[in-house]
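Participant: Could you have a look at this structure, given as structure tokens, before my questions?
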Amino acid sequence: MAISKQKIALFFRLSISATVFGALFKFVSWPLIMLGVTGMVIFHTIQFFQNQHRSALDYARQLLIVSFSCNYVFNLFSLPYVHILILITKLALIAFLILYIKKIMVSFQDITQNNSLLLTNLGRENLSHILADLATVYIVIASLFKMLHWEFGIINANVLLVIGLFSALISIVASPKNVAS
């Protein structure tokens, strides 16, 4: 019995939501995070193998999800060699961000290719998609920062989460789709 790609994508998104929701708790958050992390690994791996044409971004995303999950489990149970997994997770995050931003930039260049006015060519729907992509990146990175207790100067989980949520809000407001229909 095969599971449809839409159901797997839905369960993967629900797993991400459970992980982010668990990261926002201050008290006994690990069961919800473990459920979300396990779901992310399982459903993204199924998506990864269902995809016939894999790009470097797909491999980077898979490595990021698996390394983050292992890192969280090793931290939770105080297992040895956590520092190696932290390094792998950071490198996977950097690779993912570089490839994801490259993908966004290529799609943005395709939209604005014919040298006309940017806003007429960009359109509300494309702007909404770009903002939603950026919101996804910020929220995922904020979740990683929150769960792994990372901080780089003024850049911390709270700042990234606020930026991501505002990007998501603007993406929803800029969307040309009518919510009532």
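What follows draws every value from the coordinates through simple rules; no lab data is involved. These numbers come from a predicted model, not from an experiment. Every residue, glycine among them, receives a Cβ derived from its backbone with ideal geometry; neighbour counts consider all protein chains shown.
Participant: Please compute the length gained on full extension between Ser78 and Lys90, using 0.36 nm multiplied by the number of residues separating them and subtracting their Cα-Cα distance.
Facilitator: Length gained between Ser78 and Lys90: 2.4 nm.
Participant: Based on the mean of other beta carbon atoms within 10 Å per residue, what is the order of 96-104, 63-71, most packed first?
Facilitator: The packing order, highest mean first, is 63-71, 96-104.
Participant: Any chance you could run the full-extension gain for Val159 through His53? It's 0.36 nm times the residue separation minus the Cα-Cα distance, nm to one decimal.
Facilitator: The Val159-His53 span can extend by a further 34.6 nm.
Participant: Same structure again: Just one of (1) 50; (2) 24; (3) 39 is percent of Cα pairs over 30 Å apart calculated from these coordinates, so which is it?
Facilitator: From the options (1) 50; (2) 24; (3) 39, the structure gives (2).
Participant: Between Met105 and Ser4, how many nm apart are label points set 7 Å from Cα along the C-beta direction?
Facilitator: Spacing of the two 7 Å Cα→Cβ label points: 3.8 nm.
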